[in-house]
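The values are calculated or read from the model by the stated rules, or taken from the named source; none is laboratory data. Model, not experiment: these values are computed from the prediction. Note: ideal-geometry Cβ built from the backbone for every residue, glycine included; neighbour counts use all protein chains shown. Areas reflect the complete protein model, heavy atoms only, side chains present, ligands, DNA and RNA absent. Shrake-Rupley method; radii C 1.70, N 1.55, O 1.52, S 1.80 Å.
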Amino acid sequence: MASLSLPRVLQLKKNSLDAEREQFEKFQTLAIQKAINAIETPVKEKHVRSTIIGTFQEQSATTYWMVALRQPLQDNRIVAWKFCNVTHKLLREGHPACLDDSQRHISTIENLGKLWVHLREGYGRLINLYSNLLVTKLKFHARNPRFPGNMLLTAEELDAIAENDVNNYFQICVELFDYMDDILTLQAAVFDSLGNARANSMTASGQCRLAALIPCAQDSSHIYDCNVRLLFRLHASLPPDVLAGHRERFRQQFKKLSSFYKHASSLQYYRNLLTLPVLPSNPPNFLLQSDFGTYVAPVVSIPEPPPEDMDTVGSLIDTSDTISQTTTPDMDMVDTRATPSPIPDPIIERDRLIEHLQNELKRMRSEVSQIIQERNTMLGSMREHCTRMESQLRATKTELNEEKQKAEVLLVETPQIKKKLTDTEEKSKVLDEKFQKLKGAYTQLREEHITLIRQKAEVDKLAASLRASAAQHETAKTALQQQLNDRMKDVELLQQSASSSEEIEAYKNEITHLRSDLEHAILKAAELESLKASMETLEIEHKTVATEQQDKLTVLASDLKEAKENIEKLKTDITDKDSELSKVKEELTGLRSKSSDEYKKAVEEKEDAVKQLSELKQQYEQEKEEQISYTNILKGDLETFRTKLTDSQNNFETQCHKLKEELAAKTQELENILNEKDIEIKEALEKLILLQDQIESVKNNNSKIIDEQSNKINELKQNLNELAQTKEQSEILIAGYIEQIKELDSKLQQEKSSKLKLENSLSDKSLENDALILEKQVLQNTVTDLQNKEINLTVELDNICKEKHDVENSLKFEMENLKAEYDLLLNEKNEKDNEIQLRKQEFESIILEKDEALNRGQETIEKLKAQIVELEMIKTQETNNLVVAISSKDREFQVRLQWCMVIVNL
């Protein structure tokens, strides 16, 4: 029987990689389909765990997405809801490559949320919010790839990710706030959909919705921890005004998160699945860096169920049997031919048990390490807490001593303050009396000043009237003197022309009367001068009195201000001293009450901490002894298995060495081919660089020619601008000459009108008396002079007009010349533009030729790249074939080894 069954066993174990891949895909499809089903119950952990293990085996999430997208996500709301829950767990706990593989499916998740948002009631809104949360998570990890899927980071890792840069801290904090907002909106919507009744958490539909909040709670605790650490770092390096928005946003999220934890911990469904932390009543004060010392990170932990060895082994055997039955029909045919009923192979069962025990050993080791780490962290946190409490006790004791010293100092200072208060009150009374006396003197002086101002106004009125009368007397005096002069002239004329003596006497009488009037006027002028002198003396006296009074008023005003200021200072001092006394009394009472309470609380907390430490140490020692005993048993089993595996590994290493030598030979051949292709590519690139240099030199020459021509055009434009400026200046000169001509014309007209007036006056004077002939002659002389001036002015006008015409003609000639030059310049410019266009066309043709050459070079490079890609594909195919051959030989070796073991056992 043994000789007959040897080839049969060898045929059964000859499975290729494709068969293993199919078996793996079938197992994964079954797990994913069972996890994402249409039944309104929470997702089972064993199916999710199998999908997560599949991602680690595959080291990607391609099979998950391939199977999950085939499910009726757009037809059934429960399937879509469970899909979101499973993907969230996969992104958190799956292989790190799952985040990268899921980036390409962001659009499908967004479209799923947009589709189900139209169903406003029930699962529609929840699916939309969950899809938004998954999209934000994927985008966050795309922007920050160093963050793990479960968001668990230490302080050192967070600093390394942010690179100790304030800008990075600020940006990461904002992104984490957005992530937390999506989590909080989802949990609020889930609790709103359940209603106020807590019994809904124990129904299947309620548990289906609540199960999705478990990964949300785990993410929220780690995000909260990162936000607290980031905000303390930001407040240490930035002013608090800049971070006011961050503090307000954190405060709102803190309230929502604490209510979420309280509500979830009160539900019966979460009591066996989650241990949620209890956040403090108030958020941490980021303005005080010392508050970070009392901060404790919240931890959301999931208690694992006790392991059931027999059930797990049975389930493993059942699943493998079903898979083996579905995947290997040839094996069933061989067994049916040999025996009528399939008998399980003991070797396979033993291998499965060995694998199961190894997996359990790994799991137990991981659990032991986790427990040890948790205990160490708990002990460290408790020690830190004890040290913090001791430091707080020391600080409170020092503060109490300082406050006691302050209170003693204040008690010593209180009698001195009371004495100062009495002194200030007496000083204030004396100053009030002085102030009232000064006030009375000020009122008297003010009344005297007002009376003097009124007297000054009356004196000013009298002086004005006297000045007016003096002016009238002076005008009358001047008029009388003119009359006397006229009369004297008349007398002289009459003496020359008069024939009778009576007229002479009449004139003499008039002269005597006039002289008497003059004497009266002279007397009045002397009186006026005496009055003026007296007025000046009065004004001087008034000014002296006014200055004296003003000096007195200023002195009094300054004294009043000083008195007021002193009174106000005394009042403020009194109020300050009263407030200080009241504060001191309040502080003394508060310190007496606080010191006793705080000391008692600190002592009680210290005693509790010491008790907890002792209990934790006892628990830790007990658990440590149990784990040591269990690990010793497991080590014995492992050593037996290791001895068996070492023999098989030695044979395997010899075969691997041979295959590695074959691989090295083939890789050298491929490297030689690739080096030749690299040399060809480098030569093509050098040719391309030469072509680019030639094109750049041609472009530089063209740019230089264009710059020279543009400089010439700019010089011509400047010449035109200068000519236009000279034209404007000449126009301004012409306008000035025209204005001068107008002014001369107006002067001529005035002189003509004066001439007419003089002629009329002369005609009147000639009729009145012949004595005015002399004056007429004088006037005629003046007229002749004016005529001469008029002639000269007319000549000057003619000269100016001639100069004007000459200037206009010259300007017209210059304008014509400028126009001609401008036309010539335009023609030259057009010719140069035509030349530039022709050269541009030539350069464009050259550039097109160069572009064609570049395109040809690029085509050759692309061809070379395609050849390199083909070579790489060939290389990868050959390596894959080698790996397949190695794996097949490894399988054959394992089969032979197992068969040998079977023979040895028999």
Residue pairs meeting the criteria (Cβ under 9 Å; at least 6 apart or on separate chains; first over 15 Å from Thr203 (Cα atoms), in the stretch 262-278; second open to solvent by 60 Å² or more (accessible area, probe 1.4 Å) and among the charged types (D, E, K, R)): Ser265/Arg271; Ser266/Arg198; Leu276/Lys262; Val278/Lys262
Test: residue in the stretch 391-402 that is under 30 Å from Asp551 (Cα atoms) and loosely packed, with under 11 Cβ neighbours inside 10 Å: no
Answer residue from the stretch 413-437, given it is out of contact with any Asp or Glu (no Cβ under 7 Å at 6 or more places or on another chain) and among the β-branched types (Val, Ile, Thr) and is farthest from Thr575 (Cα to Cα) among those: Val430
From the options Thr108, Thr63, residue that is among the hydroxyl-bearing types (Ser, Thr, Tyr), modelled with pLDDT under 95 and either open to solvent by less than 40 Å² (accessible area, probe 1.4 Å) or not in a helix (DSSP H, G or I) (or both): Thr63
Residue within the stretch 34-56 that is touching a Cys at 6+ places or on another chain (Cβ under 6 Å) and surrounded by 21 or more Cβ atoms within 10 Å (Cβ to Cβ) present: yes
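Here is a yes/no grid of residues against (1) on the phi > 0 side of the Ramachandran plot; (2) part of a helix (DSSP H, G or I); (3) exposed (fewer than 12 other Cβ atoms within 10 Å of the Cβ); (4) modelled with pLDDT under 75:
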{"position": "Ser810", "(1), (2), (3), (4)": "no, yes, yes, yes"}
{"position": "Asn855", "(1), (2), (3), (4)": "no, yes, yes, no"}
{"position": "Lys863", "(1), (2), (3), (4)": "no, yes, yes, no"}
{"position": "Lys889", "(1), (2), (3), (4)": "no, yes, no, yes"}
Given (1) buried (at least 19 other Cβ atoms within 10 Å of the Cβ); (2) within 26 Å of Lys114 (Cα to Cα); (3) touching a residue at least 40 places away in the same chain (Cβ under 8 Å), index of the condition Gln74 fails: (1)
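This table checks each residue for (1) within 30 Å of Lys561 (Cβ to Cβ); (2) surrounded by 10 or more Cβ atoms within 10 Å (Cβ to Cβ); (3) at pLDDT 75 or above.
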| site | (1), (2), (3) |
| --- | --- |
| Ala407 | no, yes, yes |
| Thr414 | no, yes, yes |
| Thr424 | yes, yes, yes |
| Ala441 | yes, yes, yes |
| His449 | yes, yes, yes |
| Ile453 | yes, yes, yes |
| Asp460 | no, yes, yes |
| Gln495 | no, yes, no |
| Ala506 | no, yes, no |
The lone exception for Ala885 - which of (1) farther than 30 Å from Ile347 by Cβ; (2) among the small types (Gly, Ala, Ser); (3) loosely packed, with under 14 Cβ neighbours inside 10 Å it fails: (1)
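Listed here are the residues, each with its yes/no results for (1) out of contact with any Pro (no Cβ under 9 Å at 6 or more places or on another chain); (2) not aromatic (Phe, Trp, Tyr).
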{"site": "Tyr261", "(1), (2)": "no, no"}
{"site": "Gln268", "(1), (2)": "yes, yes"}
{"site": "Pro277", "(1), (2)": "no, yes"}
{"site": "Gln289", "(1), (2)": "yes, yes"}
{"site": "Gly293", "(1), (2)": "yes, yes"}
Residue within the stretch 232-242 that is open to solvent by less than 10 Å² (accessible area, probe 1.4 Å) and within 27 Å of Ser131 (Cα to Cα) present: no
Which numbered condition Ser845 fails, given (1) over 26 Å from Glu708 (Cβ atoms); (2) open to solvent by less than 80 Å² (accessible area, probe 1.4 Å): (1)
Only listed residue being modelled with pLDDT of 75 or more, open to solvent by less than 70 Å² (accessible area, probe 1.4 Å) and more than 30 Å from Gln718 (Cα to Cα), chosen from Ser746, Ser754: Ser746
